[in-house]
Amino acid sequence: MNINITAVDYDGLIPNNVGLGQDLRVKHALEKWHPGYINWWNDMGPEGFQESLVYLRTAISVDPKGWAKFDYVRMPEYRWGVLLAPQHEGRKIPFGMHKGEDAWQEVPGEYRAMLRRLIVIQGDTEPASVEQQRYLGKTAPSLYDMRNLFQVNVEEGRHLWAMVYLLQKYFGTDGREEAEALLQRRSGHADTPRMLGAFNEKTPDWLSFFMFTYFTDRDGKMQLEALAQSGFDPLSRTCRFMLTEEAHHMFVGETGISRIIQRTCELMKEHKTDDVRAIGAIDLPTMQKYLNFHFSVSLDLFGQEASTNAANYYTQGVKGRFLETRIDDDHLLTGAAYEIETVEDGRIVKKSVPALQALNERLRQDYIDDCARGVLRWNKMIEKAGIAFEMKLPHRGFDRRIGGFAGARVSPDGRVLSEAEWKANESKWLPTSEDRAYVTSLMGPAVIEPGKFANWIAPPARGINGQPGDFEYVRFN
Ligand SMILES: [Fe+2]
Ligand SMILES: [Fe+2]
């Protein structure tokens, strides 16, 4: 397979490898959108740090061998660009009724509305998380963590650019309107909220931030993986490059949580106590409750277990499965079945449904498997520290708002409960206002001395881009 690496044009206002210099219509549309974006960033981006110099990576290439450079940047001056992964010449659509046909370089008229909707939903999540994380810089547990937060934020901004490019380039007037609307909605706003539930929740503290980047960014990963299989080649290429950046967001989440666990275990051993709150750390049961919350709101993002929309997306070639090309089946799924779980008459039952309709559930299962790997690593650390505690993913039916489990009361170990049983136990399973107040109380003013960390979190094993432990990741003016 031939791979075309188009050089990145880094000179104009918008760094890109999509030939914007020759595509004046789209270039002008993006330049017109740009001031609104900067206004949004100034209003809704990291509060109080817009003038700071942050040691950020910027994508300057899409070559997997070296695509980023690191330097001090003021966030509003970050080079948000439009970067697509290299085009694979001769790429074929890998699934659905168009399987084996050439991938589309333009939007097929009959799939226009469907593709636009998928792009808008993905696009909406990107600025939403920046809005959710807006105040966290003020309580960063170290310069290292502050820098990682801002890195995630600017890259979510770039992901918005990526989706807006597709809208402007391929969807005409309605694409332009959608691009504007992406700057108008606000996370958690009563009248103009973001489109998906988890992106309207608050991210009020750093434990929530790490849980969000571990669990909710991972939903993003799965959606991008499914869209990277799309028959619409520009969408596929866009998502493939976004996945390169997304990996860092989940790294931030996984290592953030493991550093808190590490610190908690150290203090438990040092002080020979389970009551680490008395010494200013986050106890493991509280971490488990936060995990339960973030996991279940993220599971909701995958939608209904059985969905005709999901079937249509697949059959029509616009959204595939996780690792579609590595699955050994017919990639049509017309006669196949898939087993889902749902609640009927107060019991969890297994039900066989057409595999095509169960694609949301299948992606959710891939997601659960992916989540479980990090939990295993956290548990190894706890075990190594000689502490008898095991972190667990709750049952998929626990505290759900969407799908067959919505409305049912399911315990973390997968039993359907009465309302009274739920009420009696809820405070053991989900963060209470007291838990949240305790975690909030640990979020002191940002720790800004290079190499220093808040008491409740261990330093990372290594620095960003090989930098030493006391590196000055953020410089203040
Ligand atoms: Fe993203
Ligand atoms: Fe992300």
Q. With (1) within 16 Å of ligand 2 (Cβ to nearest atom); (2) charged (D, E, K, R); (3) in a helix (DSSP H, G or I) as the list, and Glu180 as the residue in question, which single condition is left unmet?
A. (1)
Q) Which residues, taken from segment 438-470, are within 20 Å of Glu51 (Cβ to Cβ) and open to solvent by less than 40 Å² (accessible area, probe 1.4 Å)? A) Ala446, Val447
**Q.** Among the residues listed as Ile279, Ile261, the single one being of a type in the set (A, V, I, L, M) and either touching a Gly at 6+ places or on another chain (Cβ under 6 Å) or open to solvent by less than 10 Å² (accessible area, probe 1.4 Å) (or both)
**A.** Ile261
Q | Which listed residue is within 26 Å of Ala68 (Cα to Cα) and either over 18 Å from the mean Cα position of the chain (by Cα) or among the aromatic types (Phe, Trp, Tyr) (or both), from Leu136, Leu166 | A | Leu166
(Q) Let me confirm something: among Glu341, Glu305, Glu324, which residue is farther than 23 Å from Gly231 by Cα, surrounded by fewer than 22 Cβ atoms within 10 Å (Cβ to Cβ) and not aliphatic (A, V, I, L, M)? (A) Glu341
Q: Say whether the condition of being within 13 Å of ligand 1 (Cβ to nearest atom), open to solvent by 10 Å² or more (accessible area, probe 1.4 Å) and either of a type in the set (Lys, Arg) or not in a loop (DSSP other than H, G, I, E, B) (or both) is met by at least one residue in segment 148-159.
A: no
(Q) Within segment 242-255, does at least one residue satisfy the condition of being more than 14 Å from ligand 2 (Cβ to nearest atom), in contact (Cβ under 8 Å) with a residue 60 or more places away in the chain and more than 27 Å from Ala311 (Cα to Cα)? (A) yes
Q | Arg134 vs. criteria of a type in the set (Lys, Arg) and within 16 Å of ligand 2 (Cβ to nearest atom) | A | yes
Q) Which of the residues spanning segment 29-65 are farther than 27 Å from Ala128 by Cβ and either in a helix (DSSP H, G or I) or open to solvent by 30 Å² or more (accessible area, probe 1.4 Å) (or both)? A) Asp63, Pro64, Lys65
Q: Find the residue count for segment 359-396, including only residues that are under 22 Å from the mean Cα position of the chain (by Cα), of a type outside the set (D, E, K, R) and open to solvent by less than 30 Å² (accessible area, probe 1.4 Å).
A: 11
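The values are calculated or read from the model by the stated rules, or taken from the named source; none is laboratory data. Given the structure is predicted, the values throughout are model-derived calculations rather than measurements. Positions of Cβ are generated from backbone atoms using ideal geometry, with glycine treated the same way; all protein chains shown enter the neighbour counts. Ligands, DNA and RNA are stripped out before the accessible areas are found, and what is left, the full protein with its side chains, is counted by its heavy atoms. Shrake-Rupley method; radii C 1.70, N 1.55, O 1.52, S 1.80 Å.
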